[in-house]
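First up is the structure itself, then whatever we jot down about it.
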Amino acid sequence: MCYDELFKILILGDSSSGKTSILDRLVNNQFSNNYIATIGIDFNVKTIKIDNNTKIKLQIWDSCGQERFRSLTRSYYRNSAAFIICYDISSAKSFQNAKFWIDEIEKYVDKDDVVKILVGNKNDLEDLRQIDYEEGKQYARTIGMDFFETSAKNNTNINKLFHHLSSILNDETIKKLEWNKNLLDIKNRRKNCC
């Protein structure tokens with residue numbers, strides 16, 4: 001399938017926060033109750049149509065959340081346009097560790113213009129909830145990130161999340177192109193002056 005823009009996305013978060021399930025739901029529209037930890041890193045591709053004419057191709061990298069693989073995961077930060085930081089709403093520890101993942105991005109990514117979205121996953125586990133929706137949303141707001149709660153199992157907000165992310169990335173690309181065009185116009189005017 002042809003596309004207008006290609007972006008590299010990295011999903012970060014603790015092991016068993018549902019990163020692989022989110023990706024599997026998005027790409028294959030399926031969910032498995034059998035948990036198999038991602039070893040190393042995996043990726044998949046999804047093209048998303050954000051309006052009548054624009055198709056955004058996402059190369060989505062699913063990272064392992066285990067501590068022993070963190071140095072490997074860092075090598076994939078380079079050239080990422082966006083990061084999805086995922087936590088499990090039924091695990092206070094995974095929410096606390098989401099803060100670690102956000103700090104990792106700040107530490108190892110030079111660009112200020114990368115998009116970061118905080119995702120509370122597994123909102124189908126309402127009876128086991130440890131992190132309130134408002135708590136996640138408020139934390140995201142205080143650090144300037146968008147926030148979603150999702151359920152890969154129930155297919156809640158998965159497509160909405162990636163459509164939103166694709167729209168933001170497309171808008172940022174358009175802004176950069178316009179800024180570069182304006183800069184070129186200024187340079188050309190200076191050349192033609194005097």
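The values are calculated or read from the model by the stated rules, or taken from the named source; none is laboratory data. The structure presented is a predicted model; accordingly, all values stated were derived computationally and were not measured. A quick note on method: Cβ atoms are made from the backbone with ideal geometry, for glycine too, and the neighbour counts reach across all protein chains shown.
Annotations for the structure displayed:
- Residue in segment 58-71 that is at pLDDT 85 or above and over 13 Å from the mean Cα position of the chain (by Cα) present: no
- Residue in segment 105-128 that is polar (S, T, N, Q) and part of a helix (DSSP H, G or I) present: no
- There is at least one residue in segment 41-51 that is modelled with pLDDT under 90 and in a loop (DSSP other than H, G, I, E, B).
- Residue list for segment 90-127, filter: in contact (Cβ under 8 Å) with a residue 60 or more places away in the chain, among the hydrophobic types (A, V, I, L, M, F, W, C) and touching a helix residue (DSSP H, G or I) at 6+ places or on another chain (Cβ under 7 Å): V119
- In segment 1-32, residue nearest to the chain's Cα centre (by Cα) [restricted to those that are at positive phi and crowded, with 23+ Cβ neighbours inside 10 Å]: G13
- Single residue of segment 1-19 satisfying the filter (in contact with a Ser or Thr (Cβ under 9 Å, 6 or more places away or on another chain) and assigned to a strand (DSSP E or B)) that is nearest to S90 (Cα to Cα): G13
- Pairs, first more than 16 Å from F95 (Cβ to Cβ) in segment 140-158, second among the aliphatic types (A, V, I, L, M) and surrounded by 15 or more Cβ atoms within 10 Å (Cβ to Cβ), C-beta under 6 Å, six or more apart: D146/I117; A152/I22; I158/L26
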